[in-house]
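A short write-up of the structure that comes next.
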Amino acid sequence: MKHLLSAAVLLSSQLLLAGTVLAGPNQDFTLVNKTGYVIDKVFVSPSHSEDWEEDVLGRDTMPDGDTVPIHFSRGTTTCEWDLKVVYEIDNSSAIWHDIDLCSVSKISIFWNQSSGKTTAKYE
């Protein structure tokens with residue numbers, strides 16, 4: 001009986017692990033706009049891809065102070081992604097490369113008026 005219980009626990013563990021592997025990594029994240037400006041478009045693509053694909057914002061714009069969940073339905077297992085945001089006011093953009101979305105769940109972006117640069121904080 002003891003061996004049967006051990007075999008059942010081992011089989012359950014293997015099935016749980018197989019289900020996790022088949023599901024792939026979770027690349028979903030929350031984007032927080034703390035720039036002081038409206039973001040018009042958001043693009044996320046595999047690192048160093050030549051195509052930004054479609055705007056993943058999923059709505060018209062992202063006002064300052066807004067938080068948007070970004071969900072992936074892609075079948076890819078890559079963890080490294082590039083992020084591009086485009087501002088509504090002047091169509092300028094900011095780009096970040098090689099973000100490990102398998103370990104990052106929140107990206108907050110900031111614009112620094114004195115340096116004129118947009119930065120990102122990963123959590």
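Where a number appears in this text, it was derived from the coordinates with a stated rule and is not lab data. Here the structure is a predicted model, which means the values were calculated and not measured. Note that we place each Cβ from the backbone using ideal geometry, even for glycine, and neighbour counts take in every protein chain shown.
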To the nearest 20 debye, what charge dipole does segment 26-122 have about its Cα centre, counting +1 at the Cβ of each Lys and Arg and -1 at the Cβ of each Asp and Glu?
400
Residues of type aspartates and glutamates that residue 34 reaches as a straight line, Cα spacing below 15 Å, ignoring anything fewer than 8 places off in the same chain
64, 66, 88, 123
